[in-house]
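The values are calculated or read from the model by the stated rules, or taken from the named source; none is laboratory data. A quick note: this is a predicted structure, and the numbers were derived from the prediction, not measured. Counting neighbours? That spans all protein chains shown, and the Cβs are built from the backbone with ideal geometry, glycine included. The accessibility values were calculated without ligands, DNA or RNA, using every heavy atom of the protein model including side chains. Shrake-Rupley method; radii C 1.70, N 1.55, O 1.52, S 1.80 Å.
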Amino acid sequence: YVLGKTASAGVLSLPAILVVFLVAAVAKGVRFEAWQWFALTGAIWAGSLVFAALGVAIGYLAGADNVRPLSMLFYFALSILGGLWMPTAAFPQWLQNICEWLPTHAYAGLGQAIELGGAPHAKDVAILAGYFVLFTGAAAWLYRKDSLKA
């Protein structure tokens with residue numbers, strides 16, 4: 001059930017990724033090799049499933065009124081600490097050491113590696129896979145806990 005909810009979120013994210021790429025290419029003149037467009041699409045889409053799983057877990061953790069603000073809080077914190085808003089080099093070294101193990105940092109690494117003409121680093125893929133298992137497991141545990149109450 002949890003994997004189904006996560007997959008349905010993934011289905012919804014794919015058109016958004018494609019629209020952003022279309023706008024980037026047509027309106028902003030972004031140019032990549034064909035293989036890079038396909039690789040970026042696959043990597044970004046697959047990586048987004050990690051955050052879909054987190055969203056499912058948060059949905060079971062919080063009540064209906066609290067899901068959106070709690071999700072935004074998690075996503076903003078992960079985005080800032082993962083280096084999506086500013087380079088993590090501006091952070092103190094102890095925080096940089098933590099940031100490199102966050103899913104947002106690994107997620108950004110997927111696209112950066114492909115943009116530079118290479119393959120995603122195994123460490124980034126492993127970190128994202130680990131977080132996917134963690135978030136999916138948390139969502140399944142919270143779902144089971146919630147369904148046992150009912």
Starting from the Cα of Asp146, step 7 Å along the direction of its Cβ; do the same at Tyr1; then give the gap between the two resulting points in nm.
-> 0.9 nm
Please give the calculated 222 nm ellipticity per residue for the chain, where each DSSP H segment of at least 4 residues contributes -39500 (n - 2.57) and the sum is spread over every residue; nearest 500 deg cm²/dmol?
-> -26500 deg cm²/dmol
Out of Gly130, Gly47, Gly63, whose Cα points farthest toward the positive end of the dipole of the stretch 1-148 (charges: +1 Lys, Arg; -1 Asp, Glu; placed on Cβ)?
-> Gly63
Quick calc, the chain, dipole around Cα centre from Cβ unit charges on Lys, Arg (+) and Asp, Glu (-), nearest 20 debye, gives 320 debye
Quick one: accessible surface of Trp85, probe radius 1.4 Å, all protein chains present, in square angstrom to the nearest 10.
-> 150 Å²
Over the chain, with every protein chain in place, what whole percent of the accessible area is carbon and sulfur at 1.4 Å, could you tell me?
-> 71 percent
How far, in nm, would the chain grow between Asn97 and Val20 when pulled straight, counting 0.36 nm per residue and subtracting the alpha carbon separation?
-> 24.6 nm
Exposed trypsin sites (Lys or Arg not before Pro) absent - longest run of the chain, DSSP non-H/G/I/E/B, at most 12 other C-beta within 10 Å | 32-150
If you take the charge dipole of the stretch 60-150 about its Cα centre, with +1 on Lys and Arg Cβ and -1 on Asp and Glu Cβ, which of Ser147, Ala119, Phe74 is farthest toward its positive end?
-> Ser147
Accessible area per residue, Å², the chain with all protein chains present, probe 1.4 Å = 61 Å²
Can you grab the distance from the C-alpha centre of the stretch 125-150 to the C-alpha centre of the stretch 1-44, Å, no decimals?
-> 25 Å
